[in-house]
1. Kindly indicate which of P139, P123 is assigned to a loop (DSSP other than H, G, I, E, B) and over 25 Å from M92 (Cα atoms).
2. Kindly indicate whether L267 is under 20 Å from L173 (Cα atoms), away from the ligand (no atom under 16 Å from the Cβ), free of Cβ contacts under 8 Å to residues at least 40 places away in the same chain and buried (at least 19 other Cβ atoms within 10 Å of the Cβ).
3. Which of the following residues is closer than 27 Å to R39 by Cα, of a type in the set (G, A, S), surrounded by 13 or more Cβ atoms within 10 Å (Cβ to Cβ) and touching a helix residue (DSSP H, G or I) at 6+ places or on another chain (Cβ under 7 Å): A290, A273, A178, A248?
4. Can you run down the residue pairs with Cβ atoms below 7 Å, 6 or more apart or on separate chains, where the first is in the range 187-199 and modelled with pLDDT of 90 or more and the partner is among the polar types (S, T, N, Q)?
5. Kindly provide the set of residues from the range 113-125 that are touching a residue at least 12 places away in the same chain (Cβ under 8 Å), within 13 Å of the ligand (Cβ to nearest atom) and surrounded by fewer than 18 Cβ atoms within 10 Å (Cβ to Cβ), ordered by number.
6. Pick from the range 198-239 the residues that are among the β-branched types (V, I, T) and in a helix (DSSP H, G or I): which of them is surrounded by the fewest Cβ atoms within 10 Å (Cβ to Cβ)?
7. So which residues in the range 126-146 are more than 13 Å from the ligand (Cβ to nearest atom) and under 15 Å from D62 (Cα atoms)?
8. Pairs under 7 Å by beta carbon, first residue farther than 16 Å from H141 by Cα in the range 209-228, partner assigned to a loop (DSSP other than H, G, I, E, B) and among the basic types (K, R), six or more apart or different chains?
Amino acid sequence: MKSLEAVYLDIEIKPGEGRTMNDLWDPGQYQRHSGHRTRPLLDLLARVPGLPGHPPGPRIADLGCGPGAPTRLLARRWPDAAITGYDNSPAMLAEAAAHAGPTDGGGSVDFAPADLARWTPPPASHELIVSNAALQWVPGHPERFAAWIAGLTPGGVLAFQVPGNFDAPSHTLMRDLAASPRWRDRLAGVLRDPHPVLSPAGYAEALTGPGGAADVDIWETTYLQRLTGEDPVLDWMLGTGLRPVLAALEDDPQARVDFLFAYRDALRTAYPAGPGGVTPYPFRRIFAVAVAP
Ligand SMILES: C[S@@+](CC[C@H](N)C(=O)[O-])C[C@H]1O[C@@H](n2cnc3c(N)ncnc32)[C@H](O)[C@@H]1O
């Protein structure tokens, strides 16, 4: 069995000239906790009301679709829908390609590159625009809401879910370590905005402003995720929040290991494994379902 150090040294960050944050995703690592990551999408979809008719089926956009399997779930609820997943990560889009094709109900799933900071649908072109766990990576995303709602047919729906746990120890410990004397010069500006999402009330305001929704349903939930395995919170963070740090240290594997070991030790204190080797990892998420006028 490989040592933990060897595993950390092997973490793949794709090299390349001019690489940006969107090239940093590792679909395999991201999907290691797919059960916990999928449930909020199902909870979100459960609150999406019936969509306005559009023969032969609704037109759906999945913003920040990731590895494609979550997009495919949309076809279970709307089997006759024409669904397009958009993402700006080449690695995620390559993984998603395996999920493209016709669906059992006569609909289709396909994928296309797009930067959500700029993606603008034609007016009244969609019955549903959905986004699961992606908008926290898009600074200024509330400013896009008016354009997205304008892209819906009357009664169409904008539905999204974002993590709301940026003040949890998993994130504050990472930021504190990155700001410590050993790391602050190398990691200055690497970690994203510590508050990349709005509060539920903030989203309500942003969604109902000028050009906004006729009705909104907004709520938050804290899932008490019961993770198993060795250092499971670190493993979780390796799939998402740690990616910018790993990339910034990619030319220095030993520095990467040193950072990960220090972070791992802090996580072990903050999230000790309990009976049966279960590590509770509370995870707050914010949901919004907005109906177009
Ligand atoms: C945490 S994953 C969520 C994936 C998927 N929606 C799910 O439910 O598992 C976030 C995704 O958002 C994408 N993303 C982040 N910023 C983006 C942007 N500006 N434009 C398009 N996609 C973006 C990432 O590439 C990644 O695939």
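1. On the way: P139 fails: over 25 Å from M92 (Cα atoms).
After applying the criteria, what remains is P123.
2. Values: under 20 Å from L173 (Cα atoms): yes; away from the ligand (no atom under 16 Å from the Cβ): yes; free of Cβ contacts under 8 Å to residues at least 40 places away in the same chain: no; buried (at least 19 other Cβ atoms within 10 Å of the Cβ): yes.
The answer is no for L267.
3. Values: A273 fails: touching a helix residue (DSSP H, G or I) at 6+ places or on another chain (Cβ under 7 Å); A178 fails: closer than 27 Å to R39 by Cα; A248 fails: closer than 27 Å to R39 by Cα.
Criteria check complete, one pass: A290.
4. Matching pairs, first to second residue: P196/Q136; V197/Q136.
5. Pass one, the range 113-125, residues touching a residue at least 12 places away in the same chain (Cβ under 8 Å): 113-117, 119-125.
Filter again for within 13 Å of the ligand (Cβ to nearest atom), leaving 113-117, 119-120.
Passing the criteria: P113, D115, A117, T120.
6. Ranking the candidates gives T208 first.
7. Hits for the range 126-146 are H126, E127, L128, F145.
8. Once the first residue is farther than 16 Å from H141 by Cα and sits in the range 209-228, its partners that are assigned to a loop (DSSP other than H, G, I, E, B) and among the basic types (K, R) give D217/R47.
The values are calculated or read from the model by the stated rules, or taken from the named source; none is laboratory data. Everything numeric in this text was worked out from a predicted model, so none of it was measured. Here the Cβ is made from the backbone with ideal geometry for all residues, glycine too, and neighbour counts use every protein chain on show.
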